[in-house]
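Structure first, commentary second.
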């Protein structure tokens, strides 16, 4: 009787496993696109460092992200603005990189009257340098001011 129960369990597990593989759906991105899922170490897959991420966005998307980021700043939501600006900055937009740097810049945060959110001079500098490498004169100006702070 015990062997028969073991056979039933094994058979049920095989069927469940088979059904899972037939019905599993591909992972989806927030935009609804299918995403390939690779385990770390598979096929030499490596996750690039955050500063090396490059997004591909069209100019209209970047314009919309910048507008949203500015709205979040106006509403006092610097944390959400950072997320939005970073998305555009990672797509190579110099203005977004400057704006993102500003959300970490103690001088900018003081001008905005932000209280309770710590500045991070190194992050500000990193994003200003990124913007400068993308051709932003404003970033160069802010780096000079930050150096004297």
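The values are calculated or read from the model by the stated rules, or taken from the named source; none is laboratory data. Note that the structure is predicted; figures quoted are calculated from it, not measured. As a convention, Cβ positions derive from the backbone with ideal geometry for all residues, glycine included, and neighbour counts pool all protein chains shown.
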Of all residues making up segment 126-142, the number that are crowded, with 18+ Cβ neighbours inside 10 Å and closer than 16 Å to residue 103 by Cα: 6
Test: residue 26 is modelled with pLDDT under 95, under 19 Å from residue 133 (Cβ atoms) and surrounded by fewer than 10 Cβ atoms within 10 Å (Cβ to Cβ): no
Taking the stated definitions as given, is residue 64 in contact with a helix residue (DSSP H, G or I) (Cβ under 7 Å, 6 or more places away or on another chain), at negative phi, modelled with pLDDT of 95 or more and in a helix (DSSP H, G or I)? no
Of the conditions (1) under 20 Å from residue 80 (Cβ atoms); (2) touching a helix residue (DSSP H, G or I) at 6+ places or on another chain (Cβ under 9 Å); (3) surrounded by fewer than 19 Cβ atoms within 10 Å (Cβ to Cβ), the single one that residue 116 does not satisfy is (2)
